[in-house]
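Trainee: Below: one structure in structure tokens.
The values are calculated or read from the model by the stated rules, or taken from the named source; none is laboratory data. None of the values given here were measured: they were computed from a predicted structure. With ideal geometry, Cβ positions are generated from the backbone for all residues, glycine too; neighbour counts draw on all protein chains shown. To get the accessible areas, we keep the full protein, side chains included, count just its heavy atoms, and leave off ligands, DNA and RNA. Shrake-Rupley method; radii C 1.70, N 1.55, O 1.52, S 1.80 Å.
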Amino acid sequence: MYNLMVLAARPSDWTHDQFIEWWRGEHAEVTYPLPGLLRWQHTELLDSFDERSAGWDGLSILSFESREALDAALAGPEWKAAVRHVGAMRGRRMIWYGEEQTMVPLAGSGE
């Protein structure tokens, strides 16, 4: 599995709840059509352990079969539409991608 991870913070004039609602609602509708998207996990960040970790609102992990599948999704019009949609939001973000390695499987999952 190959993941695209997005850590994001809301615009300064939005509340945390507004941002999460936008991300899981309006923005999700633009994201769902990404070709090859196998799984999308979103975590609402409610607290941080220290000041260096503060100031972020959410983390998304979008999973694809392979690096090639992710590359194909990023090259398509669906990704361009999602990026255009985020552009109007004005928050800050950090994005990474990499291969997933399960270190502790979900209980009962058979992984």
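Trainee: Ignoring any ligand, DNA or RNA, what whole percent of the accessible area of the chain comes from carbon and sulfur when the probe is 1.4 angstrom?
Mentor: Carbon-and-sulfur percentage of accessible area, whole number: 54.
Trainee: How large is log10 of I(q)/I(0) for the range 1-105 at q = 0.17, 0.23 Å⁻¹ when the intensity is taken from the Debye formula with one equal scatterer per alpha-carbon?
Mentor: -0.83, -1.33
Trainee: Related question: Where does the range 44-92 land on Rg(C-alpha)/(2.2 N^0.38 Å)?
Mentor: The range 44-92 yields a ratio of 1.51.
Trainee: Give the residue list of chymotrypsin sites (Phe, Trp or Tyr not before Pro) in the range 14-111 that are DSSP loop and have at most 13 other beta-carbon atoms within 10 angstrom.
Mentor: Listed in order of number, the matching sites are Phe49.
Trainee: For the chain, with only Lys/Arg (+1) and Asp/Glu (-1) charged at the beta-carbon, what is the dipole magnitude about the Cα centre, in debye rounded to 20?
Mentor: Here the size comes out at about 360 debye.
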